[in-house]
1. Among rounded, prolate and oblate, which fits the range 440-618 when a ≥ b ≥ c are the square roots of the eigenvalues of its C-alpha gyration tensor, a/c under 1.5 means rounded, and a/b larger than b/c means prolate?
2. Using a Cα-Cα cut-off of under 21 Å, which lysines could be cross-linked to Lys335, ignoring same-chain neighbours fewer than 8 residues away?
3. May I ask you to order 170-178, 441-449, 186-194 by the average number of other C-beta atoms within 10 Å around their residues, highest value first?
4. With runs of 4+ DSSP H residues as the only contributors, calculate the mean residue ellipticity of the chain at 222 nm using -39,500 (n - 2.57) per run, divided by the residue total and rounded to the nearest 500.
5. When the chain is fully extended, how far beyond the present Cα-Cα distance does Glu349 get from Arg232, taking 0.36 nm per residue of separation?
6. Please sort 352-359, 595-602 by packing, taking for each peptide the average over its residues of neighbouring beta carbons within 10 angstrom, highest first.
7. Evaluate the distance, in nm, between pseudo-label points positioned 7 Å from the Cα of Lys323 and of Lys261 along their respective Cα→Cβ axes.
8. Under a plain spin-label model, where a point goes 7 Å from the Cα along Cα-to-Cβ, how far apart in nm are Ala331 and Glu291?
Amino acid sequence: MNPDAAEQFRIVILGHVDHGKSTLVGRLLHDTGSLPEGRLEQLQLAARRRGVPFEWANLMDALQAERDQNISIDTAQIWFRTPRRRYVIIDVPGHHEFLKNMVTGAAQAEAALMLIDAREGVRENTRRHGFLLEFLGLRQVIVLVNKMDLLNYAPEPFRALEAEYRAWLQALGLQPRLFLPISAWHGDNLAAPSPRMPWWRGPTVAEALDQFEAVPPPADQPLRFPVQDVYRFDERRILAGRIESGRLKVGDRLVFVPGYKTSTVRSLERWNGPARTVAEAGESIGLTLTEQIFVERGAVGAPEDAPPYALTRFRARVFWLGKQPFAPGRAYRLKLATQEAACQIEHIERVIDAATLQPLERPGAPGVHRHEAAELTLRTRKPIAFDPRAEIAALGRFVIVDGFNLAGGGVILDDRYPRRTADSLHKSPNIYWTVGRVTAAQRARAHGHAGRVVWLTGLSGSGKTTLAIELERELFERGQWVYVLDGDNVRHGLCADLAFSPADRRENIRRVGEVARLFADAGVICVTAFISPYRADRDAIRRSLPPGQFVEVYLNAPLAVCEQRDAKGLYAKARAGEISDFTGVSAPYEPPEHPELELPTAELGVDECVARLRDFLAGLEEPAAE
């Protein structure tokens with residue numbers, strides 16, 4: 001039986017190895033009349049021919065390897081029905097070596113059955129599975145206490161186990177619907193009440209399943225349409241994908257993030273289906289646009305007034321499954337919806353043991369080890385479109401790939417992320433520069449100096465930040481108004497949404513130039529420390545300032561010297577291929593042609609360079625008095 005997908009309710013069955021999951025499924029199929037005719041007799045005959053006892057678990061074995069090893073090693077899906085509706089059961093492995101498969105299966109489900117052996121009780125993997133259910137946001141959970149026959153169907157062990165595991169789940173913030181005593185082998189409380197447990201007044205497993213509510217697609221949330229692929233048919237360019245949330249109709253104005261290109265939906269395309277003008281969450285469709293903008297796989301279509309975030313930095317909770325630790329300084333690959341991007345850990349807030357919830361401290365070995373969870377900050381090499389899991393789950397979950405192996409999963413946490421608004425997509429002609437009543441000359445008299453932009457440029461390692469900080473200290477001690485804008489610092493906030501592609505680098509410098517110009521207009525000496533590799537970008541900032549206010553200082557240090565210094569280890573990572581578009585290695589640097597000052601920082605010490613800078617600034621002409 002393979003019912004229509006629209007009628008299916010997806011359930012994942014979890015539990016420690018040998019706690020009876022496959023037996024439960026096999027017996028449930030039989031007791032609900034969901035087996036194909038003659039299937040039970042075939043398996044019973046096969047068992048007799050092999051000279052082994054018949055096992056209910058064989059009804060659901062998906063792989064020969066499972067029968068040989070006697071453990072589930074992959075997820076298996078099977079259909080069954082109750083009088084109310086049809087179900088898809090996702091049976092996943094219980095062995096801790098196959099938690100990756102468990103996460104994959106549970107992420108597809110609407111509800112979960114957690115199976116616990118009444119005799120063995122709560123095991124480490126039982127607690128870990130509970131953590132993962134909360135981690136994945138699966139809230140509809142029933143706990144089945146199996147093998148009650150081995151304890152003579154006594155209620156006391158059941159009540160004790162319920163109290164223990166309920167407390168654990170509640171500590172995670174997960175409230176199970178029900179604890180239900182069963183014996184999967186004998187069929188007790190599966191499809192019919194068990195006469196051997198008269199003390200149990202609750203529902204059977206089949207009745208409890210029917211009490212689960214179908215999770216409606218998130219149609220009332222803002223539209224999220226990750227582009228899976230782009231096809232060309234005749235003269236049409238069709239964007240294909242699945243609507244993860246919201247509704248989409250012909251005539252809607254969309255923005256595609258992270259590129260922030262906008263267009264209007266011209267038509268909705270379906271394969272072998274009638275033409276319609278509206279589509280909702282859960283539907284896989286194609287669409288065409290009225291304006292032919294460039295959109296590729298990974299872009300996310302959204303309403304102009306409710307776009308997702310598009311940043312290179314976000315907070316996340318990660319569960320790690322890789323054999324090698326998830327460690328700072330290493331490059332990984334992040335996959336979210338249809339997007340992919342290189343990523344690395346920026347900062348680890350805390351690491352916990354998923355089976356005990358205890359914090360872990362490793363001063364000498366930072367990182368997240370196998371079967372551990374962490375809250376941390378991730379940085380991607382290019383902007384990623386996302387929503388926190390609490391807002392839109394489909395764009396709040398991701399996986400981490402280490403090499404060629406799926407090694408971890410994560411959810412994006414809430415934080416104070418900057419979001420681009422719909423208004424920013426449309427420039428208004430009604431914006432004018434406001435001129436204050438305090439002039440530049442008045443500010444210069446009050447401060448004792450004119451406002452300027454001192455733009456330090458040069459390769460990474462040429463000494464920009466060091467000189468900027470020392471210059472700031474010396475000028476401040478002389479009573480001057482001075483402030484440093486540093487390349488790394490602005491990427492924590494003002495430019496947190498930018499990566500290091502040529503386009504993003506230009507935008508980074510454009511923003512910094514605008515801020516520096518405002519500082520100078522306020523009469524402050526603004527010292528900037530940026531590689532700013534492109535000559536045209538620096539010249540554009542010069543043109544935006546009054547004559548004499550832009551002071552370009554070229555820190556001229558040979559590449560070999562900068563690479564030898566390599567205080568942050570960036571050149572080594574770039575040479576190893578871990579950092580792309582790195583200036584001087586895989587990206588160009590265009591030195592100034594006519595800088596106001598050139599400092600050979602490989603030959604001069606810090607004090608000498610600062611002295612030359614200070615003396616040069618002191619010799620500049622101040623604005624004339626009014």
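What follows draws every value from the coordinates through simple rules; no lab data is involved. Model, not experiment: these values are computed from the prediction. Note that each Cβ is placed from the backbone with ideal geometry, even for glycine, and that neighbours are counted across all protein chains shown.
1. Numbers: a/c = 1.95, a/b = 1.44, b/c = 1.35.
Prolate.
2. Reachable lysines: Lys100, Lys323, Lys382.
3. On the way: 170-178: 14.0, 441-449: 16.1, 186-194: 19.1.
Peptide ranking by packing, descending: 186-194, 441-449, 170-178.
4. Working: 15 runs with 156 residues, N = 626.
Mean residue ellipticity, 222 nm, calculated: -7500 deg cm²/dmol.
5. Values: separation 117, 0.36 × 117 = 42.12 nm, distance 4.63 nm.
Gain on extension, Glu349 to Arg232, equals 37.5 nm.
6. On the way: 352-359: 15.1, 595-602: 18.5.
Going from most to least packed, we get 595-602, 352-359.
7. Placing both labels 7 Å beyond Cα along the Cβ direction yields 4.2 nm.
8. Inter-label distance under the simple model: 3.5 nm.
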